[in-house]
């Protein structure tokens, strides 16, 4: 089971790297063109979300791997669950239904990590 959890953790880290980098490095105009923000809106929330995704990539692997504050790994997984739940709401409101199956799968993967990694502390 531990091997499966490590595989899922690696997949979660890989999944969040690309959008995190994109949100942090893309220009304001690119985010407007992609429909992430409307002209006149602040880019700050997008940048913050990108930073959180990148920190999550580290948080889902490093604490459990090193044994230093391993409780941060399941907490990170809960954070990923919250991000995916928010993503489900946002994409549903925008009528972007193609994204929903992927978001549900990632939400389920993060929930599995949160459950089993928290369970190991009992």
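Read-outs throughout are calculated quantities, based only on the coordinates presented, and are distinct from any laboratory measurement. As the structure is a prediction and not an experimental result, all values here were calculated from the model. Don't worry about glycine lacking a Cβ; one is built from the backbone with ideal geometry, like all the others, and counts go over all protein chains shown.
Just subtract the alpha-carbon distance of residue 119 and residue 37 from 0.36 nm times their residue separation and send over the number in nm, one decimal.
Result: 25.6 nm gained on full extension.
Return the calculated 222 nm mean residue ellipticity for the chain, to the nearest 500 deg cm²/dmol, obtained by summing -39500 (n - 2.57) across DSSP H runs with n ≥ 4 and dividing by the residue count.
It lands at -25500 deg cm²/dmol.
Using R₀ = 30 Å, calculate the FRET efficiency as 1/(1 + (r/R₀)^6) where r is the Cβ-Cβ separation of residue 108 and residue 29; round to 0.05.
FRET efficiency, residue 108 to residue 29: 0.30.
So how do 118, 15, 80 line up by other beta-carbon neighbours within 10 Å, fewest first?
If I rank by nearby Cβ atoms, fewest first, I get 118, 15, 80.
What's the extension gain from residue 11 to residue 65 if we count 0.36 nm per residue and subtract their Cα-Cα distance?
This chain segment gains 17.9 nm when fully extended.
So what is the relative contact order for the stretch 2-119, in percent, with contacts set as C-alpha pairs under 8 Å and at least six apart?
RCO, the stretch 2-119: 27 percent.
Cα centroid distance between the stretch 3-42 and the stretch 52-122, in Å?
14 Å
Order by neighbour count: 26, 120, fewest other Cβ atoms within 10 Å first, most last.
Lowest count first: 120, 26.
Would you list 96, 53 from fewest to most Cβ contacts within 10 Å?
Lowest to highest Cβ neighbour count: 96, 53.
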